[in-house]
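Derivation of every value follows stated rules applied to the coordinates shown; laboratory data play no part. Computed from a predicted structure; not experimentally measured. Ideal geometry is used to build each Cβ from the backbone, glycine not excepted, and the neighbour counts take in all protein chains shown.
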Amino acid sequence: MPGYLLHVGALVQCAHLGTAQPILRNPRVKVMGQMIVTRVCVYSVSGCKLPTPPAANGPCLMATWVTSAVRVLASGLPVLLSDSQSLCTPTATPLAIKGTQVRVKGT
């Protein structure tokens, strides 16, 4: 299914409303003047509201991506799309992509 390419300025949050930001970016490819993000990029999560053990298994600290584009690569790596799936550590909950650019799509 096609989705919009994920870029550095996209609004990405954990399931507990923490803000997620990419640690690595692809400086060679930009959309709307901002660098895109590839599948190997780890996201850092800050401001997660999930309590620490023993009350819960939070907060979300990092997130890795499970799915990405199949046909679109940047520097030989699959790019992330608005419908890409991820898992946060240590909570195993997904990130939610709330807003991204709406000009460039990939599959």
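Brief remarks on what is shown
- Dimensionless Rg/Rh of segment 63-107 - Kirkwood Rh, Rg from C-alpha atoms: 1.00
- Among the cysteines of the chain, Cys41 have no other cysteine beta carbon within less than 4.7 Å of their own.
- Under 11 Å, Cβ to Cβ, from Leu17 - net charge with Lys/Arg +1 and Asp/Glu -1: +2
- Rounded to whole Å, sorted largest first: equivalent-ellipsoid semi-axes of the chain, Cα gyration tensor: 26, 12, 12
- Residues of segment 36-72 falling in the label zone of Leu24, defined by backbone nitrogen less than 11 Å from a point 7 Å along Cα to beta-carbon, are 38-43.
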